[in-house]
Amino acid sequence: MAVATPAYASDALDEGTVDVVVIGGGAAGLNGALMLARSRRSVVVIDSGSPRNAPAEAMHGFIVLDGTPPFEILRRGREQVRQYGGRVVSGEVVSAESAAPSADGDLRFTVTLADGRGITARRILVATGLTDVLPEVPGLAEHWGHSVVHCPYCHGWEVRDEPIGILATGPVSIGHALLFRQLTEDLTYFTHGNLDEDSRARFAARGIRVIDTPVAEVVNDEDGALAGVRLADGQVVARRVLAVTPQMQTRTQGLEGLGLPVQDLPTGRGFASGMAGATEVPGVWVAGNATDPVAQVGASAAAGALAGDYINRMLATADTDAALQRITGGSPNGATG
């Protein structure tokens, strides 16, 4: 599911080499860029304009900003990055790859946009986020982010006490159901054909109704609001809210040239990363949902800030190595971080 954000004025691409290109203009990318810009690093954020939480009316679970529309958070974030000299460029990355190092041995990368523009950077922060892939149930997608939700912390309070249905997508849905049971007395679990006996007993103890008949489609009322689901046998089960754990796919398009390793996770796939988002590829960091699919806005922003801190540290070391080399006349050491 991808929804575009409202259009905004795009900055011009910097000429020459910048310290950092941030690929992704969500919470992780903007907070990473903010840390770098405040450290007087030249930083450019490439923003494709389709954040994961765009369908939602408000963002929740982040102190101070709880209840703020996602678009407003991004607008403020872009404004704050620009306040410190960072640039935010509307565009889609079609290629990113290593380039020949500088004369002093420092790393270089080239990033190319869909319209042919390009930029050279010393380091890259990947914060592309992910795409939620919903089950192929007719009528489900049209309610995504409203009456069809996935996160009990992001949307749970808003749907409390409603008749909620859990559309199982795998074992992870069992824990999902227990979290939503905290929010409503009226919870139905649609098994999608697989639920072990122990989980059935635990559900029964919590008063969670279990239905094994497959779900055929989502049913709307006369006003277009979600009214329930129709099962394969024709029975309609009334529900006002459906909760589903989607498959979460990291956005990797255009980044293949970096050779970033990926890892399989219970809820999908993400870029593998270590301390502060460092990857196996020297000079490339990842942050937010690109590496941690279940991170909420606050956690993603924090991860971006941490990655920005470490990138700045590595650049400071590289700058010092280069300065020492100029004084001593030594050969390039070759930057590795």
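The values are calculated or read from the model by the stated rules, or taken from the named source; none is laboratory data. Quick caveat: nothing in here was measured; it's all calculated off a predicted structure. Positions of Cβ are backbone-derived with ideal geometry, glycine not excepted, and every protein chain shown enters the neighbour counts. We work out accessible area using only protein heavy atoms, side chains counted, and drop any ligands, DNA or RNA first. Shrake-Rupley method; radii C 1.70, N 1.55, O 1.52, S 1.80 Å.
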note = Regression test value, accessible area per residue of region 6-80, probe 1.4 Å, units Å², expected 45
Value of [θ]222 nm, deg cm²/dmol, for the chain, DSSP H segments ≥ 4, -39500 (n - 2.57) each, nearest 500 = -7500 deg cm²/dmol
key: 0 to 90° range, to nearest 10: angle between helix 27-38 axis and the chain longest Cα axis   = 30
request  = State the percentage of accessible surface on the chain attributable to carbon and sulfur atoms; use a 1.4 Å probe and exclude ligands, DNA and RNA.
outcome  = 51
ask   = Do you know the relative contact order of region 159-217, to the nearest whole percent, from alpha carbon pairs under 8 angstrom that are 6+ apart?
value = 35
note = region 192-265 accessible area per residue, 1.4 Å probe, protein heavy atoms, integer Å², reads 55
message = Between VAL94 and ALA58, how high is the FRET efficiency from 1/(1 + (r/R0)^6) when r is the Cβ-Cβ distance and R₀ = 41 Å? Nearest 0.05.
response = 0.80
task = Would you mind putting 8-19, 237-248, 270-281 in packing order, based on average other-beta-carbon counts within 10 Å, highest first?
result = 237-248, 270-281, 8-19
task = Kindly state, to the nearest 0.05, the FRET efficiency for ASP309 paired with GLN235, given R0 = 45 Å and r defined as their beta-carbon distance.
result = 0.25
ask   = Can you give the net charge of the other residues whose Cβ lies under 11 Å from the Cβ of TYR84, counting K and R as +1 and D and E as -1?
value = +4
task = Give me the number: length gained by fully extending MET275 to ALA103, i.e. 0.36 nm times residue separation minus the C-alpha to C-alpha distance, one decimal in nm.
result = 59.0 nm
message = For region 49-116 and region 168-212, what is the centre-to-centre distance using only Cα atoms, to the nearest Å?
response = 38
request  = Determine the gain in length on full extension of the stretch ARG200-SER10; use 0.36 nm per residue of separation and subtract their C-alpha separation, reporting nm with one decimal.
outcome  = 63.1 nm
key: Other-chain or far-sequence residues with amide H under 5 Å of THR131's (modelled H)   = GLN249, THR250, ARG251
